[in-house]
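Take a look at the structure set out below.
The values are calculated or read from the model by the stated rules, or taken from the named source; none is laboratory data. Everything numeric here is computed off the predicted structure, so don't read it as measured data. Here Cβ is always computed from backbone atoms with ideal geometry, including for glycine, and neighbour counts include all displayed protein chains.
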Amino acid sequence: MASCLLFMGVFSTMSLIPSISSESLIKLPSEGAMLGNRKIKVDDRVYCDSWRLSVETNNAGIWERIPARCERFVEDYMDGERYLSDSDVIAGFSSAFANNVKLGADGRDAWVFDIDETLLSNLPYYESHGFGSDIFNETSFDDWVNEAKAPALPASLRLYKELQQLGFKIFLLTGRSEYQREATEANLLFSGYSKWERLILREESDQGKPATIYKSERRQELVNEGYRIHGSSGDQWSDLLGFAVARRSFKLPNPMYFIL
Ligand SMILES: [Mg+2]
């Protein structure tokens, strides 16, 4: 009976397509289908999605401001579900990796987090400053930092707590400066973070250093202390590249600004 049904199924399917020839399924070059000759109209939404991918993969290299045609796109991305979803998926991969790490008994298994746009979201600030289309104003951003009311990125807060439960020592390595320590600690506590192992900020001697160098040097100090840096999470490639890098680096999305 089963073989009979299978045969009937094949027969009835074949009966539907006898008139379709291979020529009608394949577009030939004469019909203008060659990719190289085709004029593709790329609208702003498609272009800006491609631009965002280039930014996130570091193909864009150094960039100063989001393209004017992408201001609305970045606003929609940051304020919509996609930003939260992207962050959530990345936290999921981070968690999967962390759960497979065999931790030692010496308390030297470490995870390094950046702060801005990684643990804390400055979206309320950037919402009123053009989502990265305005030129960065250090004075007004410092005022915002001093308010200490940036919310947590929900996916990062969940990951942070899970890593602590797993037994990782959490190091916070930020481009913020020592004079912002008090406000930064207050903001972290306000938004739900606690019990980090160390908060590392730029000292006077770090001022002017590219973030890649400053952060690599600080990670190297951790390695020299005997810490094994298994994971590192940051929204900038300069949080993750350089030397003394983590075994796995996790790049969070940020189409608003670039830090070298
Ligand atoms: Mg950051």
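Search segment 232-253 for residues being of a type in the set (Gly, Ala, Ser) and either on the phi > 0 side of the Ramachandran plot or not in a loop (DSSP other than H, G, I, E, B) (or both), and hand back the single one that is nearest to the ligand (Cβ to nearest atom). Spell out how you get there, then give the answer.
Start the filter on segment 232-253 by keeping residues that are of a type in the set (Gly, Ala, Ser), which leaves 232-234, 238, 242, 244, 246, 249.
Next, from what is left, pick out any that are either on the phi > 0 side of the Ramachandran plot or not in a loop (DSSP other than H, G, I, E, B) (or both): 232-234, 238, 242, 244, 249.
Values: Ser232: 12, Ser233: 10, Gly234: 6, Ser238: 9, Gly242: 15, Ala244: 18, Ser249: 13 Å.
Per the criteria, the residue is Gly234.
With the structure loaded, tell me whether Ile170 is in contact (Cβ under 8 Å) with a residue 24 or more places away in the chain, among the aliphatic types (A, V, I, L, M), in contact with a Lys or Arg (Cβ under 9 Å, 6 or more places away or on another chain) and part of a strand (DSSP E or B) or whether it fails that test. Even if it seems obvious, please write down each step before you answer.
Working: in contact (Cβ under 8 Å) with a residue 24 or more places away in the chain: yes; among the aliphatic types (A, V, I, L, M): yes; in contact with a Lys or Arg (Cβ under 9 Å, 6 or more places away or on another chain): yes; part of a strand (DSSP E or B): yes.
Judged against the criteria, Ile170 is a match.
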Output the qualifying pairs, or none if there are none: Cβ atoms under 6 angstrom, residues six or more apart or on different chains, first residue in segment 192-218 and on the phi < 0 side of the Ramachandran plot and modelled with pLDDT of 95 or more, second residue surrounded by fewer than 16 Cβ atoms within 10 Å (Cβ to Cβ) and not aliphatic (A, V, I, L, M). Leu201/Glu178; Leu201/Arg181; Glu203/Glu178; Ser216/Phe243
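Quick check on this structure: which one of Tyr227, Tyr214, Tyr193, Tyr160 is within 26 Å of Arg108 (Cα to Cα) and within 14 Å of the ligand (Cβ to nearest atom)? Before you say what the answer is, go through the steps one by one.
Numbers: Tyr227 fails: within 14 Å of the ligand (Cβ to nearest atom); Tyr193 fails: within 14 Å of the ligand (Cβ to nearest atom); Tyr160 fails: within 14 Å of the ligand (Cβ to nearest atom).
Exactly one residue qualifies, and that residue is Tyr214.
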If the Cβ limit is 6 Å and pairs must be 6+ apart or interchain, which residue in segment 246-259 that is under 26 Å from Arg228 (Cβ atoms) pairs with which residue that is within 13 Å of the ligand (Cβ to nearest atom) and β-branched (Val, Ile, Thr)? Leu252/Thr118
For segment 81-124, enumerate the residues that are over 17 Å from Ala152 (Cβ atoms) and either modelled with pLDDT under 95 or within 16 Å of the ligand (Cβ to nearest atom) (or both). Val112
Any residue at all in segment 151-160 that is touching a Phe, Trp or Tyr at 6+ places or on another chain (Cβ under 9 Å), at pLDDT 95 or above, under 30 Å from Arg82 (Cβ atoms) and of a type in the set (Ser, Thr, Tyr)? yes
Residues satisfying the stated conditions in segment 142-186, i.e. under 13 Å from Leu120 (Cβ atoms) and of a type in the set (Gly, Ala, Ser): Ala148, Ala150, Ala152, Ala155, Ser156, Gly175, Ala183, Ala186
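More than 23 Å from Leu103 (Cβ to Cβ), at pLDDT 95 or above and within 20 Å of the chain's Cα centre (by Cα) - does that describe any residue in segment 165-174? Explain how you work it out, then say what you get.
Within segment 165-174, the subset more than 23 Å from Leu103 (Cβ to Cβ) is 174.
Next, from what is left, pick out any that are at pLDDT 95 or above: 174.
Within this subset, residues satisfying the condition of being within 20 Å of the chain's Cα centre (by Cα) are 174.
There is at least one residue in segment 165-174 that is more than 23 Å from Leu103 (Cβ to Cβ), at pLDDT 95 or above and within 20 Å of the chain's Cα centre (by Cα).
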Somewhere in segment 31-40, is a residue at pLDDT below 95 and within 30 Å of Asn254 (Cβ to Cβ)? yes
Over segment 211-231, the set of residues touching a helix residue (DSSP H, G or I) at 6+ places or on another chain (Cβ under 7 Å) and either in a loop (DSSP other than H, G, I, E, B) or more than 14 Å from Arg247 (Cα to Cα) (or both) is Ala211, Thr212, Tyr214, Lys215
Pairs where the first residue, in segment 111-136, is more than 21 Å from Pro67 (Cα to Cα) and the second is away from the ligand (no atom under 13 Å from the Cβ) and in a helix (DSSP H, G or I), C-beta under 6 Å, 6+ apart: Trp111/Leu163
